[in-house]
Each structure stands twice: as C-alpha cells, then as structure tokens.
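Below: one structure, written as structure tokens.
Please treat every number below as a calculation from the coordinates, not as lab data. This structure is a prediction, so every number in the text was calculated from the model and none was measured. For neighbour counting, all protein chains shown are included, and Cβ atoms are generated from backbone atoms with ideal geometry for every residue, glycine included.
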C-alpha cells in the first residue's frame, strides 16, 4: 500500500508541476520574444530565427525559476489532495507525517534531477547556441562581445578584449606588460588575434616599448606572446556566471585562482548550482504542512497566490543573501546555502509540530 501511495502522490505533484511549467514557459517565451522583436531586420534576424532563439533560451530561464515552479506545483497538488480529504484518509490509514514527507520527497527528488539536467546540460548548451544564432544573424559572425571590454591577467600580462569569436579568435585587443615596480613596459594594440593554449598570436600588432627616457614603436606583420590562455577559457570569460554549468565554472575558477584574480562571483554561482537541486527538494516538502493548515479548505487560486507569495519571498531572501554575501565577506558556500538550510530547519520544525 505504501508504494501505491508513493506513486500516487508523486504522480499528482509531477502532473501539477508540469501544468505550472507549461504556463511559466509560455510567459517566459513571450517575454523573450517581446525583448527581441524590436531587433527584427538587423541582418538576417527575422521572426523564424527569433522563435528558435526563444526555444533555445527557455531551458536557462526555466532552470532559474524551478524552485518557485516546484513549490507552486506541490502546493496545487497537495492542496487538491487535502481538499478532497485524501490526505486525511492516508493519515487515518496509519501513515505518519514523516512517511508522508518521504512520499512527497520522492516527487521532490525527481524535480531536483530535472533541475540538474536543465541547469547543467540544457541551459548552457541552449544559451551557447542561442547566442551564436543571434550574433551570426545580426552581425554576420557568431561571437561574444563585452560592454567596456573584457579584462584578463595571465603570465604577467594584462589583456583587454572587445569580443571573442569561436576557436579562440579575438577582435579588438590591447595588451600591457608591467615590471615588478608596476611600471608599464610594453603596450600592444591590434584588431585581430587568437590563442592556441600556449601563446597569444597577434596579427598586425602596433607595439610600443616604453622606458624611463624614451619609447619605441614598431608594427611587424605578426607577434607571439607567451600568454597561456585556452580557447575555452576565453569563451567562459565572456559568459555570465549564471549561464555556465558547474564544470565550466570550476574551470574558470581554477584559471582565476591561478592568476590571483578574485573569483568570488564565480564561486558563488558554482555553489548556487550545487544548492539549487536541494532547494527544489526542500520546497516541495515545505508545501506539505500547508496542506494540513490554512490551505486545506482554500481554492486553487488561493493556493496559487500563497505559493507565489511564499516563493517570491524566498526568492528575494535568497537573492539578497547571495548579493550581500561577498560585500560582507561571507564565504560563497554559506551565502548560497544559508536560506535553504534555514528553510529546511523551519520545515522540519513545522512538520514536527503537526506530527
């Protein structure tokens, strides 16, 4: 009988969450479309490509809202079961609150696995392909540009890059080398360059050698500098932390640490990727005490409103803690996990009171 109850509750929660996902996906797609529709006509950027772009971007947006979506689905499902007295019948059959939480937790685990698939596979691949599609259609070549330029430091050199193209190619480059006293020794400017993992090869560089009493300029056809940056590291550098998979974040964090560059933002994003599936699981279980409380006799609309309000409050707290953590020197793993840990503790205490 317990297995039948497990399957029934899990199926009900997953079905309700699926309906919520469908509604949220439609809203997110509409927002994405509205944001790009003004750019129709730039190059070959037309309606068909915008629709494909929206589909490719959708997994990243869904992965971001999966905790709230899971909470809404669980509240709708469990509220409906409570309204039909099905949960009361299950409790009357001798199923404890703890065992009922296990049944709900099975659905939460499945949703957590779906969140991992979205965040680690579908979202990064979708964002990468969507960006390439849009840039190639609008500008003639797929690449990533950065507002005010991308600044990197490697092998004693400081680089400023305007945009990164596939294969480790660079458009718009400035390179600076400083001596041990922080004085500028070399400045190089170029329109095109590329990296091969061991060297930076610059085409038609404009080189300025600086000394205390004089300076010298030259413009050779090509120049090679011993700057060891891998092509994939460049692509990671121009991608927002929340668009990267955990493996991509780990790779880029290693690069930043190796060059004594602050990596707190990327470490925070990595820990949030790790914590998010647990957050989804906890939020699904968090919906269970509601079913035995104020939402037992509430309508579906009231449950949806309460779930949305609770999810929004948790989302705001989560974002505030994550944003202020680096400012106050809170370690990234604490800033990423603290709201979820507090929610888990509160859920456990609430369920203990109802048991």
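According to the Cα gyration tensor, what semi-axes, each the square root of 5 times an eigenvalue, does the equivalent ellipsoid of region 36-168 have, listed from largest to smallest in whole Å?
47, 20, 10
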Using only the alpha carbons, work out the radius of gyration and Dmax of region 67-144 in angstrom.
20.9, 67
With everything on Cα atoms, drop me the angle between helix 2-37 and the longest principal axis of the chain, reported from 0 to 90° to the nearest 10.
40
Modelling each spin label as a point 7 Å along the Cα-to-Cβ direction, I'd like the residue 209/residue 349 distance in nm, to one decimal.
7.0
If we sort 12-20, 195-203, 63-71 on the protection proxy, mean other Cβ atoms within 10 Å, highest first, what's the order?
63-71, 12-20, 195-203
Please report, in Å, the Rg and the Dmax of region 202-298, where both are computed over Cα atoms only.
24.8, 85
Rounded D (µm²/s) - the chain, Kirkwood Rh over Cα pairs, Stokes-Einstein at 4 °C, 1.567 mPa s
55
Compute the long axis of helix 246-258 from its Cα atoms, compare it with the longest principal axis of the Cα atoms of the chain, and write down the angle in degrees, 0 to 90, nearest 10.
40
Where in region 1-44 does the amide nitrogen come within less than 18 Å of the point 7 Å from the Cα of residue 138, taken along Cα to Cβ?
29-44
At 0.36 nm per residue, and after removing the present C-alpha to C-alpha distance, how many nm does the segment from residue 187 to residue 48 gain when stretched out fully?
45.5 nm
Angle check, please: helix 47-83 long axis (alpha carbons) against the longest principal axis of the chain (alpha carbons), in degrees 0 to 90, nearest 10.
30
Please give the contour-minus-distance gain from residue 323 to residue 174: 0.36 nm per residue of separation, less the Cα-Cα distance, rounded to one decimal in nm.
50.5 nm
Counting each pair of different Cα atoms once, what's the Kirkwood radius of region 20-105 in Å, rounded to one decimal?
15.9
Kirkwood radius from Cα pairs of region 179-258 plugged into Stokes-Einstein at 10 °C, 1.306 mPa s, gives D in µm²/s equal to 107
Separation in nanometres of the label points that stand 7 Å from Cα toward Cβ, at residue 240 and residue 11:
4.0
Go ahead and collect, in residue order, the members of region 1-29 whose backbone nitrogen is under 16 Å from a label point 7 Å along the Cα-Cβ direction of residue 315.
20-29
